[in-house]
1. Please rank 242, 63, fewest neighbouring Cβ atoms within 10 Å first, as an exposure proxy.
2. What nm value, rounded to one decimal, do you get for the distance between residue 236 and residue 176 when each label is placed 7 Å out toward the C-beta?
3. Extending each Cα 7 Å along its Cβ direction at residue 220 and residue 105, get the distance between those two points in nm, one decimal.
4. Return 148, 125, 210 ranked ascending by Cβ neighbour count within 10 Å, so the fewest neighbours appear first.
5. Would you please give the FRET efficiency between residue 63 and residue 146, computed as 1/(1 + (r/R0)^6) with r the Cβ-Cβ distance and R0 = 25 Å, to the nearest 0.05?
6. Net charge around residue 106, counting only other residues with Cβ within less than 12 Å of its Cβ (Lys, Arg = +1; Asp, Glu = -1)?
7. Counting other beta carbons within 10 Å of each residue's own, what order do 161, 85 fall into, fewest first?
8. What are the extents of the Cα atoms of region 190-258 along their three principal axes, in Å, largest first?
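Each value in this text was obtained by applying a stated rule to the coordinates, not by laboratory testing. Computed from a predicted model, the values in this text were never measured in an experiment. Here Cβ is always computed from backbone atoms with ideal geometry, including for glycine, and neighbour counts include all displayed protein chains.
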Amino acid sequence: MIGELALSHEHAILYNTIRVALGSFLIGGCLISPDDRLSPRVIRILIVSPLALVGEGLRLLIERDEDLRVSELVMNMLEAAETLRHNELDVVTIFDEWGGSDCVALVQCLKSIKPRVPLMVISRDLNPPQVQSILTAGANGYLPLNADPGDLRRMVYAVSRGELTLHRTIARGFLDYLANADVDHSLPSFNELSPREQEVLAFLVQGMSDQEIAQALFLSVRTIQSHLNHLYAKLNVHTRTEAAVVALRAGWFPPSLDQK
């Protein structure tokens with residue numbers, strides 16, 4: 001798969017590291033989980049698009065899959081917030097026509113209402129700093145506007161499982177950006193995290209759920225959530241995605257992940 005991206009040897013090593021850390025690989029153009037089986041339940045989706053024609057087009061493309069249902073289609077932040085607050089939804093899909101900080105603010109707003117509902121963003125802006133801002137705001141997926149319709153549906157399934165997903169046309173530039181970005185020296189060092197926090201973080205960046213981490217460490221889900229809250233406080237983040245991105249940018253790749 002790496003050959004399809006025509007990466008240099010150095011980029012291939014970094015790509016493999018992040019691929020393993022995210023528990024993901026390329027399928028049909030998307031960086032998604034190996035377990036891409038269809039969900040046995042109908043996934044309820046909220047589309048947020050300031051352009052009605054784009055929103056209706058996304059609805060038609062998504063609902064070609066009988067297990068995906070667009071429950072609501074709204075056009076602005078206020079409608080999105082109210083809809084999310086009063087409805088049971090599985091995924092929020094945002095078409096970013098605003099760009100810059102406005103889309104980041106929307107993601108932050110929606111995550112503050114229901115942190116556990118995953119979001120994905122569809123955008124023309126493939127600039128790595130913007131991708132970074134969207135992911136650290138709490139989005140699970142980022143898809144270019146010119147992606148294949150099949151990639152759109154696959155990403156909906158992936159983010160519905162809480163996975164961090166990137167389209168491959170974004171992944172290369174984002175990997176370059178992560179590789180060359182300055183480390184935030186205000187962060188604690190990896191060794192300042194407790195051994196248990198290091199273990200939990202290692203599993204988190206593989207995309208594992210609280211339940212899966214608890215099973216792996218023979219602990220209760222409540223204990224794992226307590227460790228995650230301590231991690232979030234130390235990293236100055238609020239979501240799993242933010243924590244994963246911070247760990248990747250800081251170069252915190254435990255040896256057990258690198259050697260898989």
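1. Numbers: 242 19, 63 14.
Starting with the residue having the fewest Cβ neighbours, the order is 63, 242.
2. For residue 236 paired with residue 176, the spin-label model returns 2.9 nm.
3. Each label point lies 7 Å from its Cα, and together they span 4.2 nm.
4. Numbers: 148 14, 125 17, 210 20.
Ranking 148, 125, 210 by Cβ neighbours within 10 Å, fewest first, gives 148, 125, 210.
5. Details: r = 20 Å, r/R0 = 0.82.
My answer for the efficiency is 0.75.
6. Details: positive: 111; negative: 79, 96, 97, 102.
Overall, the nearby charge balance is -3.
7. Values: 161 20, 85 10.
Neighbour counts put them in this order, fewest first: 85, 161.
8. 29, 25, 20
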